[in-house]
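Rule-based calculations on the coordinates, nothing more; no lab input. Note that the coordinates shown come from a computational prediction; the quantities given were computed from them, not determined experimentally. Note: ideal-geometry Cβ built from the backbone for every residue, glycine included; neighbour counts use all protein chains shown.
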């Protein structure tokens, strides 16, 4: 059943197309340095306070990566791992279950085995089950580690561990050193003291200049420094290959984890270089994905990683254990990769069905909160699947223009688990820190970033949590007006609707979080219109502007059985991206519609 908002609320929730605020000084500098008007416009709309050099952003290169020695505890971590390698210790690799964690796992494992010569028999993969174990160094993972035989004497984490002092202390008491590599914000009391080393660029004493790198990048830097230590000690020859080949995995993890691709030379460099490596199609996982998506999908772009590979890998850990995703990434031959990809694909289809039901329920529960004009949405889905919370929260943010937290029952009795997504104006983890100060008993565990976070809430404290969260959000946002909006980069002239314009924009890539792909607005006449897709929820159209006639596709434009709010001959105001449509070796320009509303309809006889 469709969720119907009251007329006045419906009007308030209608998305507004707004021009991106432009950094005029940066725009002038970009034009002076030879960028086209369109490129300068795009750049200046994404880097509000950037005053650094443009070359590291517009010409991404690995030469802009900072040395891992600048990471606090980096040398200490590398020396402990090097000792374990040199002395034949058993090593546990403990990572998060999402794409960032899985790619971190691949980087660490392949480095240890293929570059450092550690036998597979001395390595233990430790990845928690999202539902049964929970995030990070959970108690079940600790028990599993302690039950291994032979037991590891070193555990290396990636993409987790910064907030897990009690479990790290337990491992230390049992004689297991823990080297934490992570990128999540540290708790207010600082790095976990029981860890042998904590490598995290968000540490206040860390000299690494980029705090936005993903967990897989931190792991890559730590293992790169370990290689240098092993060479210094004479354990490895100087000719030991560097870890550059693994940047393909770092690119995937960086894009999928939605860390900044704006004013971050490191992230832009690794994604750009990693995509070049991926498109050599040397690893079975990339070849299997290309085969699944079709030959016209190559070369892969950052968008391919974000919307094709990332969701499939994440879907496995959302619904089941994550090891199929790890086996897919590590597959040594195409048949193995294809077999594991089939599992991921099936899970992704299941995830989509679960997501659709949860989004509908969440939207219905959000309406009373929207009518009350609350600054954030807290939705409890009593029968919701915990693996899909974050996606549902993202859909609420997109639809309603305010932060959202989606809660479902946790595996632990009388506990709720939740995922939140934020808007640009709100630092979500800081808001949760404030909630913990206001009502510590209502939020015993939380973690995350500016834009995304996870929470654990006692069921009987849900009301207190909601109240404290709304207060924390109000304190940060003040009286800021909240509404769904779409920022655009202005209009294009009819003569710019050509592949050359797309190439001009692609030269500024990669695009991602805080460096969104260019989005334009304009008015178009509807020349043809039909619903497509298995459930008829997508719209395929032919649109015209002046002399230009363009193919367009609008994904998820309709709910099943719904008819468009416009018809042939109507004029639409659209927000759209330029994209490349490949078909049987031929390329043509098409529009990817993000939002459309009818402005005028032709006169129709009745």
At 222 nm, what value in deg cm²/dmol follows for the chain if DSSP H runs of at least 4 each add -39500 (n - 2.57) and the sum is divided by all its residues, to the nearest 500? -11500 deg cm²/dmol
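Among 438-451, 507-520, how do they line up by average Cβ neighbours within 10 Å per residue, starting with the highest? Don't jump to the answer; show the numbers that get you there.
Details: 438-451: 18.1, 507-520: 21.2.
Order by mean packing, descending: 507-520, 438-451.
Once Rh for the stretch 373-483 is found with the Kirkwood sum over Cα pairs, what is the Stokes-Einstein diffusion coefficient at 37 °C and 0.692 mPa s, in µm²/s?
Working: Rh = 13.5 Å.
Diffusion coefficient, whole number: 243 µm²/s.
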Quick one: which of 231-243, 406-418 comes out on top by average Cβ neighbours within 10 Å, and what's the full order, highest first? 406-418, 231-243
Largest-first ellipsoid semi-axes for the stretch 216-323, taking √(5λ) over the Cα gyration tensor eigenvalues, angstrom: 27, 16, 15
How far is helix 462-477 tilted off the main Cα axis of the chain, in degrees rounded to 10, range 0 to 90? 70
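If neighbour count is taken as other Cβ atoms inside 10 Å, put 142, 180, 378, 298 in order from fewest to most. Don't skip to the answer; put the middle values down first.
Values: 142 22, 180 29, 378 25, 298 18.
With the sparsest Cβ surroundings first, the list reads 298, 142, 378, 180.
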Reciprocal of mean inverse Cα separation for the stretch 12-135 (Kirkwood radius, Å): 19.2
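Please compute the contact order of the chain in relative form: average sequence separation of alpha-carbon pairs under 8 Å and at least six residues apart, divided by the residue count, as a percent.
13
Taking a quarter of the surface of the convex hull around the Cα atoms of the stretch 463-606, what do you get in nm²? Please list the in-between numbers first.
Details: hull surface 55.8 nm².
Seen from a random direction, the Cα hull of the stretch 463-606 projects 13.9 nm² on average.
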Degrees separating the helix 284-293 axis from the principal Cα axis of the chain, which is the longest one: 20
Arrange the peptides 582-589, 9-16 so that the one whose residues have, on average, the most other Cβ atoms within 10 Å appears first. 9-16, 582-589
If you fit an axis through the alpha-carbon atoms of helix 334-371 and take the longest principal axis of the Cα set of the chain, what angle between them do you get, 0 to 90°, nearest 10? 60
Going out from 0 in 5 Å bins, what whole percent of all Cα-Cα distances in the stretch 1-82 drops into each bin? 3, 11, 13, 11, 9, 8, 9, 10, 9, 9, 5, 3, 1
Using all Cα-Cα distances in the stretch 62-278, what percent lands in each 10 angstrom bin from 0 up to the longest? 9, 38, 39, 14, 1
Rank the residues 122, 577 as a footprinting-exposure proxy: fewest other Cβ atoms within 10 Å of their Cβ go first. 122, 577
Please give the Cα centre distance for the stretch 165-205 versus the stretch 80-98, rounded to the nearest Å. 15
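With a 10 Å Cβ neighbour count serving as the proxy for reagent exposure, in which order, fewest first, do 301, 467 appear?
Working: 301 23, 467 15.
Ranking 301, 467 by Cβ neighbours within 10 Å, fewest first, gives 467, 301.
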Restricting to Cα pairs under 8 Å and 6 or more apart, the percent relative contact order of the stretch 62-278 works out to 27
Relative contact order of the stretch 373-483, please, whole-number percent, based on alpha carbon pairs below 8 angstrom and at least 6 residues apart. 25
